[in-house]
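Structure, as structure tokens:
No value in this document is a laboratory result; all are computed from the given coordinates. Not measured: the values here are computed from a predicted model. Neighbour counts are summed over all protein chains in view; Cβ atoms, including those assigned to glycine, are modelled from backbone coordinates with ideal geometry.
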Amino acid sequence: MLTKNQTKRILSLSKKKQRSQEQMFVSEGVKVTQEFLDAQYEPIEIFSTDSFYAQYSNAFVHISTQELSKISSLKTPNKVLAIFCIPKPKPIDDSALILALDDLNNPGNLGTIIRLCDWFGIRDLVCSPATVDCYNSKVIQAAMGSHTRVNINYTALAPLIKSADNAMGTFMEGTSVYASNFPNSGILVFGNEANGISENISSLLTEKLSIPRFGAFKKTESLNVANAVSIFLSEYRRRSTET
């Protein structure tokens, strides 16, 4: 049975400040929650209509469908909602390509980018402090469990860029990604959805890369940032596979 205090805590974790203070986040749905459990994330409480989760006896709370609806942020709740501890990020591996995000705002974009990093085998994703919280519920849903296989750090980007052997950024105008010399290591920066890469970060980059427009009229202003990430990472992997 769900208590008032439990309800209050779950709902409070929708706020970044509370997640940061408590070092906890909420996962919803069978697939996503199972990804975190399989990856040995520490469950604080698992609220479910399904007795399957009784195996996690120290954390399991059996609730009704109506109770799950009260605490869920989903239009159609899917059997389980769990609270997990936020793990400490691992050190950044600068021997491989690092993806960096400069003040990304949209949680759906961030979740998709985390999933793309997982798909293309990018171990490290670095976010500026102003980038949307990766434990936002919409990010968790969009990433579909890929948090467990991507090392996500929040830190100032400038020192990281200054220490990188190859510091690349994505722009509307720049060397075509298809004609560039894409290195196996370094840092690749993507900017804010509306404003792109900030001036102070742009000034530190050694190479500006772009995705050329092939349409006859070339009227499209820009690509969604997550779409751009998929194109860059696909080209990066194509090069690394060939070599």
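Given a Förster radius of 51 Å and the C-beta distance between Asn200 and Thr76 as r, what FRET efficiency does 1/(1 + (r/R0)^6) yield to the nearest 0.05? The value I calculate is 0.75. Computed extension gain for Glu221 through Ala158, at 0.36 nm per residue and net of the alpha carbon distance, reaches 19.9 nm. Take the Cβ atoms of Thr148 and Asn5, set R0 to 25 Å, and the FRET efficiency comes out at 0.30. Taking amide hydrogens as placed 1.01 Å from N in the peptide plane, the amide H of Ile98 sits under 5 Å from those of Gly186, Ile187, Leu188, each at least 5 positions away in sequence or on another chain. Maximal additional length on extending the Glu193-Ile231 stretch stands at 12.1 nm, based on 0.36 nm per residue less the C-alpha distance. The alpha-carbon atoms of segment 63-119, seen along their principal axes, cover 49, 23, 22 angstrom, with the largest extent given first. Distance between the pseudo-spin-label points of Glu22 and Asp93 (7 Å out from Cα toward the beta carbon): 3.3 nm. Measuring max minus min along each principal axis, the C-alpha atoms of segment 133-243 give extents of 40, 34, 33 Å (largest first). Three semi-axes describe the equivalent ellipsoid of segment 91-155; taken as square roots of 5 times the Cα gyration tensor eigenvalues and ordered largest first, they are 17, 14, 9 Å. Label-to-label distance for Ser176 and Ala54 is 6.3 nm, based on points extended 7 Å past Cα in the beta-carbon direction. A straight line joining the Cα centroids of segment 64-122 and segment 129-198 runs 15 Å. Shown here are the Rg and Dmax of the Cα trace of segment 1-68, at 12.0, 32 Å. A full extension of the chain between Trp119 and Lys138 corresponds to an added length of 4.9 nm, given 0.36 nm per residue minus the alpha carbon distance.
Taking a quarter of the surface of the Cα convex hull of segment 1-124 gives a mean projected area of 8.8 nm².
Gyration tensor over the Cα atoms of the chain: the corresponding equivalent ellipsoid has semi-axes (square roots of 5 times the eigenvalues, largest first) of 37, 18, 16 Å.
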